[in-house]
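To start, the structure under review is shown below, and the notes come after it.
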Amino acid sequence: DTAVSQTPKYLVTQMGNDKSIKCEQNLGHDTMYWYKQDSKKFLKIMFSYNNKELIINETVPNRFSPKSPDKAHLNLHINSLELGDSAVYFCASSQEPGTSTDTQYFGPGTRLTVL
Amino acid sequence: DAKTTQPPSMDCAEGRAANLPCNHSTISGNEYVYWYRQIHSQGPQYIIHGLKNNETNEMASLIITEDRKSSTLILPHATLRDTAVYYCIVRLANAGGTSYGKLTFGQGTILTVHP
């Protein structure tokens, strides 16, 4: 059973297009995250949601809009894609964020390539 | 969160113990040390965390110095599947507000286990 799943695994698109990446977790966690890993392999948090409420927004351009229809899903919609958006995007979830016992579970990643 | 310093790369022979150091000299009293790893093309995976006592689980052991300024992750019997980037992360025990659940990844250590 996959704990955190993402679709699609690969996404190739043209500059200026709008695309979405979906994330689902079946762990019953209340908090979900999006991370971006760029070509230099730096992994950086973008957003976190707790019970469908935005908690962290790390100065991400407003072309990126996370949407959480329920606490098991956190989708990432990106408008007007730019070359610099090419990266691997990871979704994660955790049950007790901000506590000493917090453990984050990551999805397999979505490799986005903007041409 | 305190910054961490890790060697960029290390080698280890299969079956031997892999000892991965991390320096966190500016750590504060309520910050935990977390270790995650990222196997090629996969999402990060939680390994272990601790505050000041040494910790052990089925994956690894974590040794934290008495002054808490450094720690060592030990993989007791490294296998080829342990080849990955290992991240040492220092994080507040109860991180609320805009740090809620946030993990700040550095460059990590590329561990290569060879036959």
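The values are calculated or read from the model by the stated rules, or taken from the named source; none is laboratory data. Note that the structure is predicted; figures quoted are calculated from it, not measured. Reconstructed Cβ throughout: ideal geometry from the backbone, glycine too, with neighbour counts over all protein chains shown.
Assorted remarks:
- Scope the stretch A:93-115; condition at pLDDT 90 or above and more than 7 Å from chain B (Cβ to nearest Cβ); matching residues: A:SER93, A:TYR105, A:THR110, A:ARG111, A:LEU112, A:THR113, A:VAL114, A:LEU115
- Top-ranked residue in the stretch A:73-85 [being away from chain B (no Cβ under 14 Å) and surrounded by 17 or more Cβ atoms within 10 Å (Cβ to Cβ); ranked as nearest to A:GLN37 (Cα to Cα)]: A:ASP85
- Checking B:LEU92, B:LEU73 one by one, the residue that is modelled with pLDDT of 95 or more, surrounded by 13 or more Cβ atoms within 10 Å (Cβ to Cβ) and closer than 18 Å to A:GLN104 by Cβ is B:LEU73 and no other.
- Flag if B:SER61 is surrounded by fewer than 21 Cβ atoms within 10 Å (Cβ to Cβ) and in contact with a Pro (Cβ under 8 Å, 6 or more places away or on another chain): yes
- Among the conditions (1) modelled with pLDDT of 95 or more; (2) surrounded by fewer than 19 Cβ atoms within 10 Å (Cβ to Cβ), B:GLN42 misses just one, which is (1).
- Annotation note: of A:SER5, A:SER48, the sole residue that is within 11 Å of another protein chain (Cβ to nearest Cβ), within 17 Å of B:GLN42 (Cβ to Cβ) and in contact (Cβ under 8 Å) with a residue 40 or more places away in the chain is A:SER5.
- Check on B:ILE63, modelled with pLDDT of 90 or more, touching a helix residue (DSSP H, G or I) at 6+ places or on another chain (Cβ under 8 Å) and of a type in the set (Val, Ile, Thr): no
- Condition met for B:ILE27 (more than 10 Å from the chain's Cα centre (by Cα), within 30 Å of A:LEU54 (Cβ to Cβ) and either at pLDDT 95 or above or surrounded by 14 or more Cβ atoms within 10 Å (Cβ to Cβ) (or both)): yes
- Wholly enclosed strands (runs of 3 or more DSSP E) of the stretch B:4-115 bearing at least 3 residues hydrophobic (A, V, I, L, M, F, W, C) and within 14 Å of chain A (Cβ to nearest Cβ): B:84-92
- Picking from residues in the stretch A:28-45 that are in contact (Cβ under 8 Å) with a residue 40 or more places away in the chain and exposed (fewer than 14 other Cβ atoms within 10 Å of the Cβ), the one that is nearest to A:GLN95 (Cα to Cα) is A:GLY28.
- Given (1) surrounded by fewer than 13 Cβ atoms within 10 Å (Cβ to Cβ); (2) farther than 28 Å from B:ILE47 by Cα, number of the condition A:ARG63 does not satisfy: (1)
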